[in-house]
1. List every residue whose amide H lies under 5 Å from the amide H of Tyr73, counting only residues 5 or more places away in sequence or on a different chain, with H placed 1.01 Å from N in the peptide plane.
2. Under the rule of -39500 (n - 2.57) per DSSP H run of 4 or more residues, summed and divided by the residues of the chain, what mean residue ellipticity at 222 nm is obtained, to the nearest 500 deg cm²/dmol?
3. Accessible area per residue of the chain at 1.4 Å probe, in Å²?
4. Expected output is a single nm value to one decimal: the length gained when fully extending between Tyr1 and Ala41, i.e. 0.36 nm times separation in residues minus the C-alpha distance. What is it?
5. Roughly what would the spin-label model give for Val68 and Ser32, points 7 Å off Cα along C-beta, in nm?
6. Along the stretch 42-55, what does the Karplus equation 6.51 cos²θ - 1.76 cosθ + 1.60 (θ = phi - 60°) give for ³J(HN,Hα), rounded to whole Hz, x for Gly and Pro?
7. With all protein chains present, how much of the accessible area of the chain (probe radius 1.4 Å) comes from carbon and sulfur, to the nearest whole percent?
8. State the label only: which of [x] 134; [y] 110; [z] 95 corresponds to volume of the Cα convex hull per residue in Å³ computed from the shown model?
Amino acid sequence: YHVGSVSISGTKRYEPAELLPYMVIKQGEPFSFFDKQKDEAFLRELYGIQGHFFCDVVGEIIYQPNNVVDIVYNVGEGDVYRISDVRIHLEGDYTKERVAL
């Protein structure tokens, strides 16, 4: 199979045209399931860095005639979460001197 087209839907934070140049799968190249997984991981990590910890990315494969597939990455961004107050409780000399420091 060869890739006919690659598209991204469901994004609000980024325009699809901003993300497509960074994707591993390109139009006209042979299709690889592992490259599709890399692109999904890239999108999850990109949104995770921005605070979208429950981002959901599903790469949909649409089979076309003549051994061509179209790939649509459906992105569910989810809510943004921030960490505000981190409290470390140290107990015992080993934890205090070896782990925390």
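1. So Tyr73 has HN proximity to Ser7, Ile8, Ser9, Glu60.
2. Numbers: 2 runs with 21 residues, N = 101.
Only helices count here, giving -6000 deg cm²/dmol.
3. Numbers: 7310 Å² over 101 residues.
Accessible area per residue: 72 Å².
4. Working: separation 40, 0.36 × 40 = 14.40 nm, distance 2.19 nm.
Extending this stretch completely gives an extra 12.2 nm.
5. Inter-label distance under the simple model: 2.3 nm.
6. In residue order, the calculated couplings are 4, 5, 4, 5, 4, 6, x, 4, 7, x, 8, 6, 10, 5 Hz.
7. 52 percent
8. [x]
The values are calculated or read from the model by the stated rules, or taken from the named source; none is laboratory data. Since the model is a prediction, treat every value here as computed from it, not as a measurement. When we count neighbours, we look across all protein chains shown, and the Cβ atoms used for this are built from the backbone with ideal geometry, even at glycine. All accessible areas refer to the heavy atoms of the entire protein, side chains included, with ligands and DNA or RNA removed. Shrake-Rupley method; radii C 1.70, N 1.55, O 1.52, S 1.80 Å.
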